[in-house]
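Before any comments, here is the structure.
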Amino acid sequence: MRVTLKIWRQNSSKEKGKFVRYPVDNVNPDMSVLECLDVLNEALVEKGEEPVAFEHDCREGICGSCGFMINGVAHGPLRATTVCQLTMRHFKDGDELVLEPWRARAFPPIKDLVVDRRAFDRIIASGGYISVSTGSAPDGNAIPVSKAIADRAMDAAACIGCGACVAACPNASAALFTGAKITHLGMLPQGKPERDRRAVRMVTQMNAEGFGGCTNIGECTGACPKEIPLEVIAVMNRDYLGGSWRSRDQAVTPITPFTEWSTGSKLQNDPVSGG
Ligand code: SF4
Ligand code: FES
């Protein structure tokens, strides 16, 4: 099959970008979209032109590296599928595919289809972990966890940090990503001791990164390749409010109301420790 790739080309965040059309012949329908880009890049390199920059690693829907908009849809038209798993057979011979990077203030462009998603890393670093000495591996079932709780935690843990939820949201909110991490850790007994502190710190960091506020539109869960449910945002809000209330005597920074999530001010103080 033959397709045309209309790709956003941008050399750096300091330069303006533009769309460039590239016809690609001999596309095997079993190729993934990334492999189709590989074919294009080989041809561009042979011609002495700059290849298209895009992120990838596992190419199995696991790592969360890949991701861009295809015809205005995050990760393309197939539900619960990353671009590395999306094959060309889902398009027709002669189709034009418009490829654009995630567009969000908190994800500044780096080059072509690559954006800087380190804001997610900073949200994780602010509290998305369990601070215990784990020692050697415990016996299986040493800490009983009910099946229902284990299933909910596992569903939330499926988040691969790709950023599609932010790109799909009209507010560029990171609530689904942050909610998934807070839910995954807070559900399990090992994560409960730090549940309050984790929620307050991660939500505060999310606000500071300049992501927009959640207004319950639901585009995020529709675009999510791991189908993270909206419920995790409710868990995040509940943990954040509960944690804020219980740590109110220690708080130095006033708790930012949800309506001001999109202010984008940089985090100055730790609201829990006052540091
Ligand atoms: S919640 Fe879904 S869309 Fe958002 S980062 Fe995680 S896997 Fe990607
Ligand atoms: S390359 Fe790892 S999820 Fe797509």
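Calculated [222 nm] ellipticity per residue, helices only, for the chain: -9500 deg cm²/dmol; basis is -39500 (n - 2.57) per DSSP H run with n ≥ 4, divided by all residues, nearest 500. Exposure proxy ranking for MET236, MET1, MET202, based on other Cβ atoms within 10 angstrom of each Cβ and starting from the fewest, stands as MET1, MET236, MET202. The antiparallel fraction among DSSP beta bridges confined to the chain stands at about 75%.
Here the label points at GLU42 and ILE143, each 7 Å from Cα along the C-beta direction, are separated by 4.9 nm in the simple model. As a rough footprinting exposure proxy, the listed residues TYR129, TYR22, TYR240 were ranked by other beta carbons within 10 Å of their own, and the order from fewest upward is TYR129, TYR22, TYR240.
Bridges between two residues of region 3-110, per DSSP, are antiparallel at a rate of about 75%. Computed extension gain for ASN28 through ILE62, at 0.36 nm per residue and net of the alpha carbon distance, reaches 9.9 nm. Near LYS181, which lysines are there with a Cα under 29 Å away, not counting those fewer than 8 places off in the same chain? Counting by Cα, and skipping residues close in sequence, LYS181 has these lysines nearby: LYS111, LYS147, LYS192, LYS226, LYS266.
Of all the options ILE123, ILE110, ILE182, the one that moves most in a Gaussian network model of the chain with Cα springs shorter than 10 angstrom is ILE110. Here the gap between GLU231 and HIS90, fully extended at 0.36 nm per residue and compared with their Cα-Cα distance, gives a gain of 47.7 nm.
Label separation (ARG118 vs SER13): 0.8 nm, computed from points 7 Å beyond Cα along the C-beta direction. Counting Lys and Arg as +1 and Asp and Glu as -1 over every other residue whose Cβ lies under 10 Å from the Cβ of THR87, the net charge comes to -1. With neighbour counts taken as other beta-carbon atoms within 10 Å, the residues PHE68, PHE19 rank, fewest first, as PHE19, PHE68. Cα centroid separation, region 133-195 to region 10-52: 36 Å. Put a dot 7 Å past the Cα of ASP249, heading toward its Cβ, do the same for ARG79, and the two dots end up 5.0 nm apart. The stretch between THR4 and ARG105, if pulled fully straight at 0.36 nm per residue, gains 33.5 nm over its current Cα-Cα span.
The numbers here are math on the coordinates, done by the rules we state, and not lab data. If you're wondering where the values come from, they're calculated on a predicted model, not measured in any experiment. Neighbour counts run over all protein chains shown; Cβ positions are idealised from the backbone, glycine included.
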